[in-house]
Every structure is written in structure tokens, then in C-alpha cells.
Amino acid sequence: MIIKEIVKDTEIENIVGKIIDGKRISVEEGILLYKNADLSILGYLANLIRERKNGDKVYFNRNLHIEPTNQCVYACKFCSYYRKKGEEGWEFSREDMIRQVKEMGDQITEVHIVGGVHPKWDLHYYGELFQDIKAIRPDVHIKAFTAVEISYIAKRSKMNLREGLQALKDYGLDSIPGGGAEIFDEEIRQKVCPHKDTGEQWLELHKTAHELGIPTNATILYGHIESIEHRIDHFNRLRELQDQTGGFNVFIPLKYKMENNELSYLGEVSVVDDIKLYAMSRIFLDNFNHIKAYWPMIGKDISQLLLSFGVDDFDGTINDSTKIYSLAGAEDQSPSMNTANMVKMIEDVGRKAVERDSVYNILKEY
Ligand code: V47
Ligand code: SF4
């Protein structure tokens, strides 16, 4: 009855009713809802699903980001980060990276490693890095490399995907972050990252990882030249794979940031678009347990707001160790939080802060 008064459109009313009843919506229904429902309706639905799945908990972890290099064999048009040979950049030695881990002591439970696709470093180079990290911190979780980095280093080491993933697991890889998914639609993908692996290759790598018992994350890069149809198609391909494997931990929308890259002329989408995208991802991805707001990219204030639009995860404390978003124009040029800051940010909006490990086991409730 109340829905009828608010929605005033039978088709949308039926979709809203289905979601409230806990039923799955189709691609067509997702597109209709996205295009026609008010922000307040999307917020109500996303919040309802978040509450059913996670109560008032907001998860975070204590992590360090290591970005081994910004040299990259690719040149994605949205990327502000990569430097080609001869241009200014960095290349950490293994010793540099080990020092970064040592400096953190037991302040972290996870090391997240993502960087450019270095032309020369192969799987064994990184494998030995994992071994060195585990030698000093056997309990630390290593979450490393986007799909495109893994497929490149496996090829360089003359292994197929399955062999490469198994070898990385044997060296100490515990999970894989969600980057490199960008947008699966091939036409759009060709325009924004023409040389990168295809969307289907990204999905195949994640599927193989799940089969080998390696959990992974998933992302979308939104807010460039893609349409609502492309966004829902992206969600749908992830939902289908999650139905098959159940191997995804979390979905992370990544907002295209415009500074210092080839797509700057596009500008950035509005906060309302951000909120709708997060809410729709929570509504459509009914088989994902968690939706993450990656605060160094979207900002702390909007991350807090997104807790009312489906989000239940704030990534981690980061420790000022990522440049991907500061170079692309994120507000926070030195992203770092200690545990107390993180807990306050969550409690200030009336939610319950929960420290988790990398696969969502609860470590401490505040
Ligand atoms: O794949 C690059 C994106 C990703 C820009 O799994 C950009 O927990 C916006 O995947 N504007 C890498 N986005 C980062 C990533 C990630 C980050 C945090 C947590 C996790 C996780 C994964 O960054 C790339 C690309 O999609 N990206 N440039 C840009 N200008
Ligand atoms: Fe390289 Fe990743 Fe940037 Fe693409 S997004 S150019 S693969 S660092």
C-alpha cells in the first residue's frame, strides 16, 4: 500500500515488491528500476538488503598496500598511474617491499599488492616476494595482483592460467583483489582499455581461481562512457559466475577519477550517480555478501553516506601506501587511517564497527 503511494508506476511497483520479498530481479527489471526509480526508493531497497545480510555491522581490516611499480606494458585510457619506460616512476626492490611489511609489525593483518604490469618481472620474482613476506609474518594474508597482472606473469613464466594460479598459491598467495574488471562489455572495453585482457578472460581467471580454492574480489569501473545497460550487464556476468562458484568475497564499485589521464575531458559523474550505482549493485548482486566503499577513492564523507545505500565494508586502514587514486585526483592525497579513526568514522553515523580478516571472519567487534 505505502509502496503504491510512493512508486506510482505498476511495473516499478512489481519490481520493488519482488525485491522486498527477497526474490531475484532480471536484467530487464534491473535496467527499468535503475532508469525509473527515485533515489529514495533505491536507497530503501539497498538498505533493506544490507540490513538483512549484515545487520548494522560495518567491516574493515588493517592492511598495507604495496604498489611494486608503476611501469606498465599497458596504457589504459582511464589510468593516471602508469609510466612507460624512460618516464619518471618507481620500481621497488624486494628488499624495499619487505622493509615496508616489517615496518608495520603486527599493525596489519593483510598485505594488498597491486601495481603496473612490469615488462620483465615474472611469477617467480613475485613468488619469492610472497615467501619472504611469509617468512617474517607467517600469519599475514597476501591479497595480490589483478587478473591482468596474473595472466601476464604466468605467460612470462610459460605457464597457463591454472598452472600460474596454482604456483602463486603454493608461493603464499591467499586471495586476489577485484581490479582489472573495468567494464565487461567488449565495445566499451575496447575504447577505454584496448590492449587489456577481455572481460571474458577476467571472468575465466577468477573462475579458475575459485576452482583452486583462491577467493577473489570483483570491481566495476563506472562513470566514463558506459551506459546503465552496460553496468547491469556487468553486474549480471558477476552474478552468474558467483552462482556457479560462490568464490567472490565482495563487490567494489570504482568511480572513474579524471585527473591526469586520457579521458579527463569526460569529467566525473555526480554524487547522485555514485549513490545510485552503489544501491543498484546491492540490489542486483543478491548472491554477494558484501559491498565495499573504497574510501581512498570515493572519499570519507561519501563512504559514510553510502552506508545508507547498501555498503557494509570500508576496506582498510591503508597506511598512506597507495597512489592509484591520489594521482587520479582523489581528495585525500595521503590516505591513511588508524584503527581509532576508522571506528570513529563508522560510529559517527550510528553503525557498529567490526574488524574482519581478509575473508570476513570477525576479529573484533567495537
Ligand atoms: O583495475 C585505475 C582502477 C583498479 C582509475 O579488491 C581507476 O579489495 C578510477 O582494483 N579512476 C585497481 N579507477 C585498484 C583495485 C582495488 C582497489 C582497492 C581494493 C581492491 C580490492 C581493489 O583501479 C584498476 C582500475 O579499475 N583505476 N585508474 C581512475 N582514474
Ligand atoms: Fe597498467 Fe593497470 Fe594502469 Fe591499465 S590500469 S595502465 S594495467 S597500471
Do the conditions hold for Ile214, that is, is it more than 17 Å from Gly116 (Cβ to Cβ) and assigned to a strand (DSSP E or B)? no
Please tell me if Arg237 is open to solvent by less than 10 Å² (accessible area, probe 1.4 Å), assigned to a helix (DSSP H, G or I), touching a residue at least 40 places away in the same chain (Cβ under 8 Å) and among the basic types (Lys, Arg). no
Might you check whether a residue that is in contact (Cβ under 8 Å) with a residue 12 or more places away in the chain, more than 13 Å from ligand 2 (Cβ to nearest atom) and assigned to a helix (DSSP H, G or I) occurs anywhere in segment 84-97? yes
List every residue pair whose Cβ atoms lie under 6 Å apart, where the two residues are 6 or more positions apart in sequence or sit on different chains, the first residue falls within segment 51-79 and is more than 23 Å from His112 (Cα to Cα), and the second residue, located anywhere, is within 12 Å of ligand 1 (Cβ to nearest atom) and among the hydrophobic types (A, V, I, L, M, F, W, C). Lys77/Val192; Lys77/Leu263
How many of the residues making up segment 102-122 are away from ligand 2 (no atom under 16 Å from the Cβ) and either modelled with pLDDT of 95 or more or in contact with a His (Cβ under 7 Å, 6 or more places away or on another chain) (or both)? 3
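I want to confirm something. Restricting to segment 244-302 and keeping residues that are polar (S, T, N, Q) and in contact (Cβ under 8 Å) with a residue 24 or more places away in the chain, which single residue is farthest from Leu32 (Cα to Cα)?
The residue in question is Asn260.
Take Ala147 and tell me if it is under 22 Å from the mean Cα position of the chain (by Cα) and modelled with pLDDT of 95 or more.
yes
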Conditions: (1) in contact with a Lys or Arg (Cβ under 9 Å, 6 or more places away or on another chain); (2) over 15 Å from Pro215 (Cα atoms); (3) crowded, with 18+ Cβ neighbours inside 10 Å; (4) charged (D, E, K, R). Asp174 meets all but one. Number of the miss? (2)
Candidate set: segment 148-177, residues that are in contact (Cβ under 8 Å) with a residue 24 or more places away in the chain and of a type in the set (Lys, Arg); chosen: the one farthest from ligand 1 (Cβ to nearest atom): Arg162
Collect the residues in segment 39-78 that are of a type in the set (A, V, I, L, M) and either open to solvent by less than 20 Å² (accessible area, probe 1.4 Å) or more than 16 Å from ligand 1 (Cβ to nearest atom) (or both), keeping them in residue-number order. Leu39, Ile41, Leu42, Leu45, Ala46, Leu48, Ile49, Val58, Leu64, Ile66
Scanning segment 212-225 for residues that are open to solvent by 20 Å² or more (accessible area, probe 1.4 Å) and out of contact with any Leu (no Cβ under 9 Å at 6 or more places or on another chain), the one nearest to ligand 2 (Cβ to nearest atom) turns out to be Pro215
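If I filter segment 43-66 for residues that are within 16 Å of ligand 2 (Cβ to nearest atom) and not in a loop (DSSP other than H, G, I, E, B), do I get at least one hit?
Restricting attention to segment 43-66, the residues satisfying the condition of being within 16 Å of ligand 2 (Cβ to nearest atom) are 65-66.
If we keep only those that are not in a loop (DSSP other than H, G, I, E, B) too, we end up with 65-66.
Checked against the condition, which is being within 16 Å of ligand 2 (Cβ to nearest atom) and not in a loop (DSSP other than H, G, I, E, B), segment 43-66 yields at least one hit.
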Criterion: more than 21 Å from Lys191 (Cβ to Cβ) and within 13 Å of ligand 1 (Cβ to nearest atom) - qualifying residue of Asn287, Asn249: Asn249
Would you pick out the residues in segment 155-168 that are within 16 Å of ligand 2 (Cβ to nearest atom) and farther than 11 Å from Tyr126 by Cβ? Lys155
Residues that are more than 16 Å from ligand 2 (Cβ to nearest atom), in a loop (DSSP other than H, G, I, E, B) and either over 19 Å from the mean Cα position of the chain (by Cα) or under 17 Å from Tyr294 (Cα atoms) (or both), drawn from segment 243-267: Gly267
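The values are calculated or read from the model by the stated rules, or taken from the named source; none is laboratory data. Fair warning: this is a prediction, and the values are worked out from it, not measured in the lab. Positions of Cβ are backbone-derived with ideal geometry, glycine not excepted, and every protein chain shown enters the neighbour counts. With ligands, DNA and RNA removed, areas are computed over all heavy atoms of the protein, side chains included. Shrake-Rupley method; radii C 1.70, N 1.55, O 1.52, S 1.80 Å.
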